[in-house]
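The values are calculated or read from the model by the stated rules, or taken from the named source; none is laboratory data. Note that the structure is predicted; figures quoted are calculated from it, not measured. Cβ atoms come from the backbone with ideal geometry, glycine included; neighbour counts cover every protein chain shown. For the accessible areas, the whole protein counts, side chains as well, though only heavy atoms, and no ligand, DNA or RNA atoms are used. Shrake-Rupley method; radii C 1.70, N 1.55, O 1.52, S 1.80 Å.
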Amino acid sequence: MDTLPTVLRETWRIYTNHFWSLCAAKLSIVSPIILLNSLRTNDVSLPIWAYSTLLLLPLSQCVLILHLAAIVNKDRLKLTQLIYSAVRRWLPLLGLYVLSTLALISGFLLLILPMFFVMARLSFADFYCVLHKQGAVLAFKNSWRDTQALQWPILLGSLMLLALSFAPGFYLERVFGDMSGWRAYCIILVMSLESVLDILVTIFCYRYLLLNQTLAHSRAQVLAA
């Protein structure tokens with residue numbers, strides 16, 4: 001059985017081997033969000049930024065998940081093909097995001113730890129929604145069930161990678177964020193860096209999803225023997 005260090009190494013290998021295509025898949029969708037966020041200091045209203053984030057983040061995740069699946073299956077798909085396929089799964093994933101956000105808020109109202117616990121238990125939900133074409137509620141329920149045996153390594157690994165994703169941006173914002181003339185450029189740099197590093201979390205969760213599917217197949221073979 002794969003250990004957490006092994007999965008982390010595999011995550012890093014996929015990330016470095018396919019870095020540029022992964023960045024293109026991610027930034028092709030989130031770039032408008034980053035630009036709008038950098039302009040918020042120039043009287044761009046909050047609803048415009050909020051609505052663009054709500055609409056584009058699920059689409060970005062769809063594109064990234066489809067690209068990861070293509071990498072694993074050794075399929076060569078153009079970015080336009082990924083975006084076209086992602087648009088067809090955007091609405092169910094948007095519903096899942098709303099449902100997951102409500103669950104995370106509930107976890108936050110309880111304590112910090114339960115919030116991250118909920119995040120770990122929902123780590124398969126996006127993949128079920130996009131790759132298995134499940135509805136929001138079904139993907140939520142299946143992820144909650146299937147991550148039970150792997151919840152602690154998923155939680156620990158996700159927290160490590162999230163810290164890695166946000167630490168450089170946090171440092172840059174502390175250093176350059178107060179320079180008014182450079183604030184917009186700093187926001188673009190920080191959000192772009194966070195978006196690129198956040199890909200690691202998605203790869204990590206996908207790697208554990210594949211591991212879980214392998215374990216489930218092995219158990220089925222044992223029971224059938």
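Overview of values
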quantity: Of all residues in the range 104-127 being among the hydrophobic types (A, V, I, L, M, F, W, C) and not in a helix (DSSP H, G or I), the one that is least open to solvent (accessible area, probe 1.4 Å); calculated: Phe124
quantity: Per-region count, the range 128-150, residues farther than 24 Å from Ser195 by Cβ and either of a type in the set (A, V, I, L, M) or surrounded by fewer than 16 Cβ atoms within 10 Å (Cβ to Cβ) (or both); calculated: 10
quantity: Hey, Leu4 at pLDDT 85 or above and surrounded by 15 or more Cβ atoms within 10 Å (Cβ to Cβ) or not; calculated: yes
quantity: Residues of the range 165-187 that turn out to be modelled with pLDDT of 80 or more and open to solvent by 30 Å² or more (accessible area, probe 1.4 Å), as a count; calculated: 2
quantity: Every pair of residues 6+ apart whose Cβ atoms lie under 7 Å, when the first sits in the range 13-27 and is free of Cβ contacts under 8 Å to residues at least 24 places away in the same chain while the second is part of a helix (DSSP H, G or I) and not hydrophobic (A, V, I, L, M, F, W, C); calculated: none
